[in-house]
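As structure tokens, the structure follows; a few thoughts come after it.
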Amino acid sequence: MVAASIQRAMVTVRNSKGLHMRPLELIARKAQSFRSQVFVTRGANRVDAKSLLHLLTLGAEPGMELEIDATGDDANEAVEQLVTLIGSEFEGFDRS
């Protein structure tokens, strides 16, 4: 059995209002589109990126550094897309 590799990347919250309900909903929906397990970490708080309620506990404000990690067959793509999303101003991203 081959162990699944973990993909990781750091990202800075760029949205001027931090990660409030609307951006967190977009993050959770994006994470749910992957088969991999996906997590977001702030300090000692590591949460399931597919859960809006868990993401709310991060209290991520502008300028904060978050770590994204994923394990699974589409982990690399999941990390890349979430880093792009979180590192954006969330302009031009829709709810689909």
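Throughout, read-outs are computed from the coordinates displayed, never taken from laboratory work. Treat the numbers as computed from the prediction; the structure is a model and nothing was measured. With ideal geometry, Cβ positions are generated from the backbone for all residues, glycine too; neighbour counts draw on all protein chains shown.
See the values below:
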item: Region 10-33-region 37-96 distance, computed between alpha-carbon centres (Å); result: 6 Å
item: Dipole magnitude (debye, nearest 20) for region 3-96, charges at Cβ of Lys, Arg, Asp, Glu; result: 240 debye
item: Along principal axes, Cα extents of the chain, largest first, whole Å; result: 44, 30, 21
item: Label-to-label distance, nm, for residues given as Ser88 and Lys17 (7 Å Cα→Cβ offset); result: 1.6 nm
item: Dipole of region 40-88, positive direction: furthest Cα of Leu55, Ala75, Gly87, with charges on the beta-carbon; result: Leu55
item: Between helix 21-32 and the chain: long-axis angle, C-alpha atoms, 0 to 90°, nearest 10; result: 10 degrees
